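The numbers here are math on the coordinates, done by the rules we state, and not lab data. All values derive from a computational prediction rather than experimental measurement. Backbone-built Cβ (ideal geometry, glycine too); neighbour counts: all protein chains shown.
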Amino acid sequence: MTSDPVRAVRDNNPGNIRIGQPWQGLMPWDDMNPEQKAETEFCVFKAPEWGFRAMAKILLTYAEAHFVKTIAEAITRWAPPSENDTAAYIARVCELTGIGPNAKVDFHSYKDAFPIIKAIAEQECGGWMFTNEELISGLALADIKP
């Protein structure tokens with residue numbers, strides 16, 4: 001069986017989170033398929049819900065530790081100009097969410113977190129490759145509930 005060619009889908013990592021933190025929900029090495037075992041740059045999660053949880057936790061850390069309060073501030077950290085076209089990324093997330101780049105958002109709030117995390121996943125994957133239910137479950141794992 002061939003796995004999904006989209007890395008984020010194959011690795012259950014909708015935010016393309018890099019390896020580094022000992023995230024909850026990381027897939028054990030013995031459970032990975034050969035393509036996942038070959039991954040050297042990005043986390044491999046057991047299920048998309050765990051990847052969405054990690055995305056939420058990162059945004060919550062941005063808000064709490066770095067006083068990030070807007071999409072522009074969050075995306076500038078998430079996708080820095082040294083690696084991305086950050087302005088285009090911000091514009092796309094704002095287009096998908098209907099939230100202005102400098103509007104104050106609350107990453108603890110389901111109302112704000114759901115559309116922002118969904119938009120980041122769409123940008124990272126080149127489209128929406130997951131289900132709303134997976135995102136909702138991931139947010140719940142991060143204690144962000146409707």
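I'm checking my understanding of the structure. Among residues of the range 98-115 that are farther than 14 Å from Leu135 by Cα and aliphatic (A, V, I, L, M), which one is surrounded by the most Cβ atoms within 10 Å (Cβ to Cβ)?
Val105
Among the residues of the range 125-146, write down those that are within 19 Å of Phe42 (Cα to Cα) and of a type in the set (S, T, N, Q).
none
Among the listed residues Glu122, Glu49, Glu95, Glu73, identify the single one that is at negative phi and surrounded by fewer than 17 Cβ atoms within 10 Å (Cβ to Cβ).
After applying the criteria, what remains is Glu95.
Would you call Asp112 outside any helix (DSSP H, G or I) and charged (D, E, K, R)?
Numbers: outside any helix (DSSP H, G or I): no; charged (D, E, K, R): yes.
It is false that Asp112 is outside any helix (DSSP H, G or I) and charged (D, E, K, R).
Report every pair of residues separated by at least 6 positions or lying on different chains whose Cβ atoms are under 6 Å apart, first residue within the range 8-30 and touching a residue at least 12 places away in the same chain (Cβ under 8 Å), second outside any loop (DSSP other than H, G, I, E, B) and among the polar types (S, T, N, Q).
none
The rows are residues; the columns are (1) under 23 Å from Lys118 (Cβ atoms); (2) in contact with a strand residue (DSSP E or B) (Cβ under 7 Å, 6 or more places away or on another chain).
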site	(1), (2)
Arg7	yes, yes
Asp11	yes, yes
Gly15	yes, no
Arg18	yes, yes
Gln24	yes, no
Asp30	no, no
Ala38	no, no
Phe42	yes, yes
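Wholly within the range 1-105, which helices (runs of 4 or more DSSP H) include no fewer than the required count, namely at least 1 residues that are among the aliphatic types (A, V, I, L, M) and under 16 Å from Ala142 (Cβ atoms)? Lay out the reasoning, then the answer.
Working: elements: 7-10, 34-37, 48-66, 71-78, 86-97.
Here the list reads 48-66, 71-78.
Only one of (1) assigned to a loop (DSSP other than H, G, I, E, B); (2) without any contact (Cβ under 8 Å) to a residue 60 or more places away in the chain fails for Phe130. Which number is that?
Of the numbered conditions (1) assigned to a loop (DSSP other than H, G, I, E, B); (2) without any contact (Cβ under 8 Å) to a residue 60 or more places away in the chain, the odd one out for Phe130 is (2).
What residue, of Ala79, Ala47, Ala119, is closer than 16 Å to Asn13 by Cα, in contact (Cβ under 8 Å) with a residue 60 or more places away in the chain and hydrophobic (A, V, I, L, M, F, W, C)? Give the steps one after another, and end with the answer.
Details: Ala79 fails: in contact (Cβ under 8 Å) with a residue 60 or more places away in the chain; Ala119 fails: in contact (Cβ under 8 Å) with a residue 60 or more places away in the chain.
So the residue among Ala79, Ala47, Ala119 that is closer than 16 Å to Asn13 by Cα, in contact (Cβ under 8 Å) with a residue 60 or more places away in the chain and hydrophobic (A, V, I, L, M, F, W, C) is Ala47.
Given (1) crowded, with 22+ Cβ neighbours inside 10 Å; (2) out of contact with any helix residue (DSSP H, G or I) (no Cβ under 9 Å at 6 or more places or on another chain), identify the lone condition not met by Ala56.
That leaves (2) as the condition not met.
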